[in-house]
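Asker: Structure incoming, see below.
The values are calculated or read from the model by the stated rules, or taken from the named source; none is laboratory data. Here the structure is a predicted model, which means the values were calculated and not measured. Cβ: placed from backbone, ideal geometry, glycine included. Neighbour counts: every protein chain shown.
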Amino acid sequence: MDTYKRVLLKLSGEVLAGEKKHGMDSDTVLRLCGEIQEILSINCQLGIVVGGGNFIRGISSEEHGVDRQRADYMGMIATYINALGLEGFLKKKGIEARIYGALNVEKVTDTWNRERILEDLKKRRVVIFAGGTGNPFFSTDTAAVLRASEIEAEAVLKATKVDGVFDKDPLSYKDAKFYSEISYWEALRMQLRVLDLTALTLAMERQIPIIVFNIKVSGNLKRVIMKEPIGTTIRA
């Protein structure tokens, strides 16, 4: 059976909020934990980068008068709330998990150690990455590709609320065109905004495929791991 052996899953704050739009929705997160449990059972190693947009977004804070660097650090700190919450829900399901953060937050995350992270993955622990890249001006999409590079993941899985990549917002336009596969160059040229340009450029340089899929559909995460034609694949 041809499956991915190690992947990096990007979970935005919006996904973790479910239908609530703000905070974490327990039903949504528990369902996600059940799906994570399934992919661990087929021997897939999993790293997760969490966003923080369900609590605060750096760019939107900047629009309200907060300087960009401060706003971005506020967003990074919000990811720790999601990381702690997700870790708690995973452990409630009996799934071992460990948080590693890009910022030094004592008593919350483990000290960054690549060898230890790889060992955790091999032991089927879910590794949760908080704090983005640890630097302002970079999104958690960029952090996802960066962490995928560091753990040598086979793919970045970007969980969204739509079926994949479209030429425009499918929630606003019924005639939006769906792409089952698209190249890095096409995604950059068309500026589809599925990921920021820095994340796409880094993925292209590292030759890491990105799979954009609808996490709201039950079972989709496992289908992606099983390499079924789900969502949109961005590759060379």
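Asker: For the range 104-120: of the residues being without any contact (Cβ under 8 Å) to a residue 12 or more places away in the chain and part of a helix (DSSP H, G or I), which is surrounded by the most Cβ atoms within 10 Å (Cβ to Cβ)?
Answerer: Going through the qualifying residues, I end up with Arg116.
Asker: Of the residues Gly85, Gly52, which is farther than 26 Å from Glu154 by Cα, in contact (Cβ under 8 Å) with a residue 60 or more places away in the chain, surrounded by 15 or more Cβ atoms within 10 Å (Cβ to Cβ) and of a type in the set (Gly, Ala, Ser)?
Answerer: Values: Gly52 fails: farther than 26 Å from Glu154 by Cα.
Sole residue among the options that is farther than 26 Å from Glu154 by Cα, in contact (Cβ under 8 Å) with a residue 60 or more places away in the chain, surrounded by 15 or more Cβ atoms within 10 Å (Cβ to Cβ) and of a type in the set (Gly, Ala, Ser): Gly85.
Asker: Then there is this: Among the numbered criteria (1) modelled with pLDDT under 95; (2) farther than 18 Å from Ala102 by Cα; (3) in contact with a Lys or Arg (Cβ under 9 Å, 6 or more places away or on another chain), which one does Phe137 miss?
Answerer: (2)
Asker: Inspect all residues belonging to the range 82-96 and state whether any of them is under 20 Å from Val15 (Cβ atoms), out of contact with any Asp or Glu (no Cβ under 7 Å at 6 or more places or on another chain) and polar (S, T, N, Q).
Answerer: yes
Asker: Moving on. Considering (1) surrounded by fewer than 16 Cβ atoms within 10 Å (Cβ to Cβ); (2) of a type outside the set (Ser, Thr, Tyr); (3) closer than 22 Å to Gly18 by Cβ, say which one Ile99 fails and leave the rest.
Answerer: (1)
Asker: Residue check: is Gly23 free of Cβ contacts under 8 Å to residues at least 12 places away in the same chain, surrounded by 15 or more Cβ atoms within 10 Å (Cβ to Cβ) and not β-branched (Val, Ile, Thr)? Steps first, please.
Answerer: Numbers: free of Cβ contacts under 8 Å to residues at least 12 places away in the same chain: no; surrounded by 15 or more Cβ atoms within 10 Å (Cβ to Cβ): yes; not β-branched (Val, Ile, Thr): yes.
It is false that Gly23 is free of Cβ contacts under 8 Å to residues at least 12 places away in the same chain, surrounded by 15 or more Cβ atoms within 10 Å (Cβ to Cβ) and not β-branched (Val, Ile, Thr).
Asker: Within the range 164-202, can you find the residues that are in contact with a strand residue (DSSP E or B) (Cβ under 9 Å, 6 or more places away or on another chain) and closer than 20 Å to Thr140 by Cβ?
Answerer: Listed by number, the residues that qualify are Gly164, Val165, Tyr184, Ala187, Leu192, Val194, Leu195, Ala199, Leu200.
Asker: Another question, if that's okay. Of everything in the range 44-77, what is out of contact with any strand residue (DSSP E or B) (no Cβ under 9 Å at 6 or more places or on another chain) and at pLDDT 95 or above? Give them in sequence order.
Answerer: None; the set is empty.
Asker: For the range 133-157, give me each residue that is under 19 Å from Ile225 (Cα atoms) and charged (D, E, K, R).
Answerer: Selection gives Arg147, Glu152, Glu154.
Asker: Let me ask you something else. With the structure loaded, tell me whether Gly75 is free of Cβ contacts under 8 Å to residues at least 12 places away in the same chain, part of a helix (DSSP H, G or I) and either buried (at least 21 other Cβ atoms within 10 Å of the Cβ) or not hydrophobic (A, V, I, L, M, F, W, C) (or both) or whether it fails that test. Full working, then the answer.
Answerer: Numbers: free of Cβ contacts under 8 Å to residues at least 12 places away in the same chain: no; part of a helix (DSSP H, G or I): yes; either buried (at least 21 other Cβ atoms within 10 Å of the Cβ) or not hydrophobic (A, V, I, L, M, F, W, C) (or both): yes.
It is false that Gly75 is free of Cβ contacts under 8 Å to residues at least 12 places away in the same chain, part of a helix (DSSP H, G or I) and either buried (at least 21 other Cβ atoms within 10 Å of the Cβ) or not hydrophobic (A, V, I, L, M, F, W, C) (or both).
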